[in-house]
Amino acid sequence: MWALLLLATTALVFALPLAPALQELRRRTDVDPLPIDQEHACDVRHFARRFVALVERELAAIAQGTGRHLAAGYAVMGAGVFHAREDERRTRVSTRVLVAEGPLELPRNFSWLREVYGRHDVRGGCDARLRAVMAGGRLVLGPRAAVLRWAHARSVHALPDCVLLGRLSADEELVLEPGCRFTRIHAPTIVFGSVAVPGRTDRDDERRRALWRAPATAGPRSSALVAGRWVAQGDLEIPAGEVFRGDLVVRGDLVMRRGAGIDGSIKAHGDVRLEPGVCVAGAVVSTRSISAVGRCSVDGPIVAEREVRLGAGSVVGAAGAPATVTAPVIRVEPGVVVHGTVWAKEDGTISFADFVSA
Amino acid sequence: MALSLQTIMLALTVALLSIVAFVISYGVRHYRFTLNRLFGAQRHPYVDIDAACWPTLTVLVAAHNEEAVIAGSLRCLLAADYPPEKLTIMPVNDRSTDGTRAIIDALAQLNPGRIAPFHRAAGKPGKAAALKEATAHVSSEIIVVFDADYLPSRGLLKQLVAPFFDPEVGATMGRVVPLNVGTNLLTRLLDLERAGGYQVDQQARMNLGLVPQYGGTVGGVRVRALESVGGWHDDVLAEDTDLTYRLLIGQWKTVYQNRSECYEEVPESWGVRIRQIMRWTKGHNQALWRHGARLLFARGLTRSEKIDGLALLGIYAVGPLLILGWLLALALFYSSGMPLAGGALYLFALVSYGALGNFAAFFELAAATLVDRSAGKARLLPLNFFGFLVSLFAISQAMLNQMVAALLPRRELRWDKTRRYRT
């Protein structure tokens, strides 16, 4: 009897973990494949496009009479200043989707918990808080305005100290003033700071063109050619004015002194410091941080796993040849131009403060 | 006589303890990976590159009698978000006897300039040989390889190509996701296994700067890197593992992109599954034989890369050693000789590597379901033990066959493709 009892107890102990398994096998509560968005294409304008399509559909339904239940969620106006309802004026909050057929002006210190859609220009007041805004023309965000999810326009000008969470994109140009904070921004041309700062000059561009005409050196000192790339074990310093052709891999820190150039891409397992006038014809990648001190030119993507700092006068990418700057933290001085995308996974800021230029 | 028996017992005990240490080391490795995936810093440095001058790209789609699935794969690639002037889709039709060729040609005709078929009527059999011949006709900077049953999303090509802006990157690998999960118990168990392997194992190796593996599909290769390490080798069973190590030894890195996901079909019958894992075992062991020593003495690699690289190559040795360890422990426990300690030592050995060695893998799978937010699948984990046993014996048999085959005259490799189920 004891043997039977022991056998039964052992069987129970072995069978117990199988009970939930057999139950799941029978009930099939979780049999779907991991969801993959087959249409996902990392398009920064995806939300904006989807929103416009939705709004046009719903407005058409309202106009036809089939979408009467939707009408209460919309505030449709012509052109001019947004006029809030009594309850909205009291709370300074609107929960309706605002659609303006003409140029739109938004009042200051107001919150829109739904999207704002202007078919022409949109001008936001200071301290406005917008969930999302779409402008068919030019979008101006007043000082200290906040965008929570996304904004898109033909061109965008964010005045000082705006907080731009989510995505900000423009079809032509995007200008961000000092003090702005951002995460993901994209435009054919992104200008950081519109006020006059010691930025890039025509002399810089001429120097860059002359750099590529200059004779290249054989390769960086203390590096070896491995499978077509220059590989340096440990730290590397490239002297001022030196130019070489080919990709470069550095196992430690890299410093490129004033006016040096690489006709290729760079990968460093340490910090990268590019001094004024440095030109890189390819990408710059670091497992740590990248500092382009000032008036540098990088044609390809800039990728760092800690921080990127771009000094005044630096240019990333070119018109018609976009590039991406990506890092958890990105600090940009006014006077920088990027053609393409700047994506700060944690925090992006535009400021003169705490950036040491050489 | 008594002395020699004692010596034998001692030797067997040392062997057992060595096996225990070996298996525990893998257990620790897997625990480390899982804890890193759950609590460590995650590395996805290249996934945010969305604006760039994209390099020229050729997508090779390997196809041998794939009439059931090839059209779907090619249509997905035609819809891909990649500059059309820089993209060439090249289906590699390797001596198909079904309607594969006709389907490819029809799609090429409908999409002039987009699809460049490569039809192979003769030559050495095998995927690697087919890719090798096709690559000779490729003039682009990057190659991405898909199997014919894969359904890439619109943004997948850019995601797989983005890491190549890093001049150190020689290959990229995305995550393979089973589509036919709900078919039967086997597919559900394999879904768990894939989740653990990619979501936890590969990503942890990427996080820790170790050796992510190029998997031969849903992955890209830099043509310059490929040429620098001798191109595709058509005399190997696992061209993906072989290439990973040749690139690593040549100081090219492989990057794993966890968010670059693509659907695939997993085997729906145990017979197909067993053949698949036997093929992987032989391929891995072949790579271990060819590259193990070279890896140890390669220049330009960190110590961690060498150790993890060797551990990865030796992964299919764990199973047979596990069986051997069980047998040794039981034999020593029930024998009368106990040279080092009491029978408790053998029990301890059995229990310890059972707990750490085996359970580490299950911990990994459970963590994968947690990260994937599919907790329901974790309930099936106890059933994975049976799948584990099947794999264990299949791997051991494959290893035995391989050792025997090494003594026999060489036979020609054949394309041992996995059966397709989609209609």
Query raised in the report: Here is a list of conditions, (1) at pLDDT 95 or above; (2) crowded, with 24+ Cβ neighbours inside 10 Å; (3) within 10 Å of another protein chain (Cβ to nearest Cβ), and B:VAL169 meets all of them except one; can you say which number that is?
Result: (2)
Query raised in the report: Name the residues in the range A:285-302 that are in a loop (DSSP other than H, G, I, E, B), in contact with a helix residue (DSSP H, G or I) (Cβ under 8 Å, 6 or more places away or on another chain) and within 14 Å of chain B (Cβ to nearest Cβ), would you?
Result: A:GLY300, A:PRO301
**Report entry** A:ASP271 being under 23 Å from B:GLN159 (Cβ atoms) and more than 21 Å from the chain's Cα centre (by Cα)
**Finding:** no
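How many of the residues making up the range B:172-192 are of a type in the set (A, V, I, L, M, F, W, C), assigned to a strand (DSSP E or B) and at the interface with chain A (Cβ under 7 Å from one of its Cβ atoms)?
1
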**Report entry** Candidate set: the range B:136-166, residues that are within 8 Å of chain A (Cβ to nearest Cβ) and in a loop (DSSP other than H, G, I, E, B); chosen: the one surrounded by the most Cβ atoms within 10 Å (Cβ to Cβ)
**Finding:** B:ASP166
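Just wondering, is there one or more residues in the range B:337-352 that are more than 14 Å from chain A (Cβ to nearest Cβ), modelled with pLDDT of 85 or more and surrounded by 16 or more Cβ atoms within 10 Å (Cβ to Cβ)?
no
This table checks each residue for (1) closer than 26 Å to A:VAL44 by Cα; (2) touching a Lys or Arg at 6+ places or on another chain (Cβ under 9 Å); (3) surrounded by 14 or more Cβ atoms within 10 Å (Cβ to Cβ).
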| position | (1), (2), (3) |
| --- | --- |
| A:GLY65 | no, no, no |
| A:GLU86 | no, no, no |
| A:GLU115 | yes, yes, yes |
| A:CYS126 | yes, yes, yes |
| A:ARG129 | yes, no, yes |
| A:ALA135 | yes, yes, yes |
Query raised in the report: From the list A:GLY234, A:GLY282, which residue is outside any strand (DSSP E or B) and either within 9 Å of chain B (Cβ to nearest Cβ) or modelled with pLDDT of 95 or more (or both)?
Result: A:GLY282
Query raised in the report: Any residue in the range B:194-210 that is among the hydroxyl-bearing types (Ser, Thr, Tyr), under 17 Å from the mean Cα position of the chain (by Cα) and within 14 Å of chain A (Cβ to nearest Cβ)?
Result: yes
Query - Evaluation of B:CYS262 against (1) of a type in the set (A, V, I, L, M, F, W, C); (2) surrounded by fewer than 21 Cβ atoms within 10 Å (Cβ to Cβ); (3) not in a helix (DSSP H, G or I) (one fails), failing number - result: (2)
Requested in this report: Give me the pairs, please: first residue somewhere in the range A:127-154 and closer than 17 Å to A:ALA170 by Cα, second residue anywhere and among the hydroxyl-bearing types (Ser, Thr, Tyr), beta-carbon distance under 6 Å, and either six or more positions apart or on two chains.
Outcome: A:MET134/A:TYR117; A:ARG138/A:SER155; A:HIS152/A:SER169
Query - Residues satisfying the stated conditions in the range A:245-273, i.e. buried (at least 22 other Cβ atoms within 10 Å of the Cβ), in a strand (DSSP E or B) and among the hydrophobic types (A, V, I, L, M, F, W, C) - result: A:LEU248, A:VAL249, A:VAL250, A:LEU254, A:MET256, A:ILE262, A:ILE266, A:ALA268, A:VAL272
Query raised in the report: Only one residue in A:PRO276, A:PRO328 is surrounded by fewer than 22 Cβ atoms within 10 Å (Cβ to Cβ) and either small (Gly, Ala, Ser) or part of a strand (DSSP E or B) (or both). Which one?
Result: A:PRO328
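Looking only at the range A:8-34, which residues are in contact with a strand residue (DSSP E or B) (Cβ under 9 Å, 6 or more places away or on another chain) and either more than 9 Å from chain B (Cβ to nearest Cβ) or among the hydrophobic types (A, V, I, L, M, F, W, C) (or both)?
A:LEU34 - this is the single residue of the range A:8-34 that is in contact with a strand residue (DSSP E or B) (Cβ under 9 Å, 6 or more places away or on another chain) and either more than 9 Å from chain B (Cβ to nearest Cβ) or among the hydrophobic types (A, V, I, L, M, F, W, C) (or both).
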**Report entry** Lone unmet requirement of (1) within 14 Å of another protein chain (Cβ to nearest Cβ); (2) in contact (Cβ under 8 Å) with a residue 40 or more places away in the chain; (3) not β-branched (Val, Ile, Thr) for B:GLN213
**Finding:** (1)
Report task. Go through the residues of the range A:36-47 one by one and say whether even a single one is surrounded by fewer than 17 Cβ atoms within 10 Å (Cβ to Cβ), at pLDDT 85 or above and more than 14 Å from every other protein chain (Cβ to nearest Cβ). Result -> no
Query raised in the report: Residue check: is A:ARG309 more than 12 Å from every other protein chain (Cβ to nearest Cβ), at pLDDT 95 or above and farther than 17 Å from B:ARG43 by Cα?
Result: yes
Query - Flag if B:LEU60 is touching a strand residue (DSSP E or B) at 6+ places or on another chain (Cβ under 7 Å), part of a helix (DSSP H, G or I), in contact (Cβ under 8 Å) with a residue 24 or more places away in the chain and crowded, with 22+ Cβ neighbours inside 10 Å - result: no
Requested in this report: Show the residue pairs that are 6+ apart or on different chains and have beta-carbon atoms under 8 Å apart, the first residue being within the range B:263-276 and aromatic (Phe, Trp, Tyr), the second being part of a loop (DSSP other than H, G, I, E, B).
Outcome: B:TYR263/A:PRO33; B:TYR263/A:ILE36; B:TYR263/B:TYR150; B:TYR263/B:LEU179
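The values are calculated or read from the model by the stated rules, or taken from the named source; none is laboratory data. All values derive from a computational prediction rather than experimental measurement. Don't worry about glycine lacking a Cβ; one is built from the backbone with ideal geometry, like all the others, and counts go over all protein chains shown.
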